[in-house]
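Any read-out appearing in this document is the output of simple, stated calculations on the displayed coordinates, not a laboratory observation. Just so it is clear, the structure is predicted and the values come from calculations on it, not from any experiment. With ideal geometry, Cβ positions are generated from the backbone for all residues, glycine too; neighbour counts draw on all protein chains shown.
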Amino acid sequence: MVHCTTAFFNGDSRMPTPPRIPIFQRIPVGISQCLLGDKVRFDAGHKHDPYITGTLSRYFDFVAVCPEVAIGLGVPREPIRLVGGTTAPRAVGVHTVTLDVTDQLHAYGQQQARELRYLCGYIFKHASPSCGMGRVKIYNRQGIARKAGQGIYARAFMAQQPLIPCEQEDRLGDPELRENFIQRVWVLHRWRNMRASRISAAKLLDFHHRHTCIVLAHHPRAYKKLSRLAAGMTKTKLDEQADAYILELMTALKRIATPKQHAHVLQQLLGYLKSYLDDTDKQEMLETIRRYQCGEVPLIVPITLLKHHFRRHPDPYIEQQYYLTPGMEE
């Protein structure tokens, strides 16, 4: 399912009434519309990404946005580029310098951040002066470019929505970055589902416990702070404390989990089986973890083997850990 939000934008970023949240079959993720194969680029072309429309579309419902079309630039149109300094570049026409759409793109980014607040992730088009997350070309007065900018729309959107995991399509080819992005999307999706009903300190503490291994693989030091936040919930300030918790969690998960950290978590999980496995099974498990840490096999291999042993020897605590059920093994 693809939802499109490229209606003409009149420049007024005020939202008098909150928009209704649409119903999705899968996890809602925003995306630069050209990546789906829609011909919305300045040259009436597209940048179709088969991994996104193939594999990811089985799990995500994409909310397609082309900010340049939305603010009325049309298709085809004069291309734009960033000029000026890194802190406050302007988005201007390549051929017509009087064409300046910076303010419109910025306002539309803020508006979409409010309208699409229900998203669990966002995939931006890299190198775009409107949608690029980073390393977008900025030109100086002499026409010399350096890759030091952010797209105007993407920058405004991300500033308003720090919880929503964002990534560029070109970076999804990196296995570690792809795994990190997808995992953060799933975590936020589970959080939004929990918050859809009445929250309680017990629910939040359960959520925290279920994500223990995931956090330890990403940021062990952050886990201590998150544990204090989860354990210190009070009824009078529960909403405020819950907001502080999820911001801390999503910030911690931006840190890439290393093979060494994953191996440490896997070994901790293996400890729950020490009374059940014979020496042969233990050595096989340890060897699989070693091979993963050396890059010989992917993470799903030791996880699958652990799940096999825990099916034979169930543990109530381990059964609750989302670490062993990542959701997108492929």
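Among residues other than P259 whose Cβ falls under 13 Å from its Cβ, what is the net charge (Lys/Arg +1, Asp/Glu -1)?
Values: positive: K260, R290, R291; negative: E176, E179, E296.
Summing Lys and Arg as +1 and Asp and Glu as -1 gives 0.
Relative contact order of the chain, please, whole-number percent, based on alpha carbon pairs below 8 angstrom and at least 6 residues apart. Could you put the intermediate results ahead of the total?
Values: 505 pairs, mean separation 40.0, N = 330.
Contact order relative to length: 12 percent.
How long is the gain from K147 to R255 if the chain were fully straight, where each residue apart is worth 0.36 nm and the alpha carbon distance is subtracted? Numbers along the way, then the final one.
Numbers: separation 108, 0.36 × 108 = 38.88 nm, distance 2.30 nm.
This chain segment gains 36.6 nm when fully extended.
Debye sum, Cα scatterers, the range 259-324, no solvent: what log₁₀ I/I(0) at q = 0.12, 0.28 1/Å?
The calculated log intensity ratios at q = 0.12, 0.28 Å⁻¹ are -0.26, -1.41.
Beyond 27 Å between alpha-carbons counts as too far, so tell me which of K125/K224; K203/K254; K47/K147; K125/K307; K224/K282; K203/K225 fall in that bin.
Details: K125/K224 36 Å; K203/K254 24 Å; K47/K147 20 Å; K125/K307 37 Å; K224/K282 29 Å; K203/K225 18 Å.
In this structure, K125/K224; K125/K307; K224/K282 exceed 27 Å between Cα atoms.
Determine the shape class of the range 173-264: with a ≥ b ≥ c the square roots of the Cα gyration tensor eigenvalues, call it rounded for a/c under 1.5, and otherwise prolate if a/b is greater than b/c, oblate otherwise.
Numbers: a/c = 2.52, a/b = 1.70, b/c = 1.48.
Since a/c reaches 1.5 and a/b is larger than b/c, the shape of the range 173-264 is classed as prolate.
Is it possible to state the helix-based mean residue ellipticity at 222 nm for the chain, with each DSSP H run of 4+ residues giving -39500 (n - 2.57), the sum divided by total residues, to the nearest 500 deg cm²/dmol? What is it? Don't jump to the answer; show the numbers that get you there.
Values: 13 runs with 143 residues, N = 330.
Computed ellipticity for the chain at 222 nm equals -13000 deg cm²/dmol.
Could you tally the net charge around N180, taking each other residue with its Cβ under 12 Å from the Cβ of N180, Lys/Arg +1 and Asp/Glu -1? Don't skip to the answer; put the middle values down first.
Values: positive: R171, R178, R184, K254, R255; negative: E167, D174, E176, E179.
Around N180, the surrounding residues sum to +1.
Just P89, P259, P175 to compare: in a GNM of the chain, with alpha carbon springs under 10 Å, which one fluctuates most?
Evaluated over the chain, the most mobile residue of the options is P175.
Is the C-alpha gyration tensor of the chain telling us rounded, prolate or oblate? Criteria: a/c under 1.5 is rounded; beyond that, a/b larger than b/c is prolate, otherwise oblate.
Numbers: a/c = 2.32, a/b = 1.77, b/c = 1.31.
Prolate shape, in that a/c is at least 1.5 and a/b is the bigger ratio.
Under a 10 Å cutoff between Cα atoms, tell me which one of Y51, Y108, Y223 has the largest fluctuation in the Gaussian network model of the chain.
Its mean-square fluctuation being the largest, the pick is Y51.
With a 10 Å radius around each residue's Cβ, average the other Cβ atoms per peptide and rank 118-129, 225-236, highest first.
Final packing ranking: 118-129, 225-236.
Mind putting a number on the dipole of the range 174-329 about its Cα centre? Charges go on the C-beta only, +1 for Lys and Arg and -1 for Asp and Glu, and I need it in Debye to the nearest 20. Walk me through the numbers on the way to the answer.
Working: 24 positive and 17 negative charges, 137 e Å.
Dipole size: approximately 660 debye.
Considering only DSSP beta bridges with both partners in the chain, what is the antiparallel share in %, to the nearest 5? Show your work: numbers first, answer last.
Values: 9 of 25 bridges.
About 35 percent, rounded to the nearest 5.
Lys/Arg Cβ at +1, Asp/Glu Cβ at -1, dipole of the range 82-138 taken about the Cα centre: which of H106, V92, I123 is farthest positive-ward?
The residue sitting most towards the positive pole is I123.
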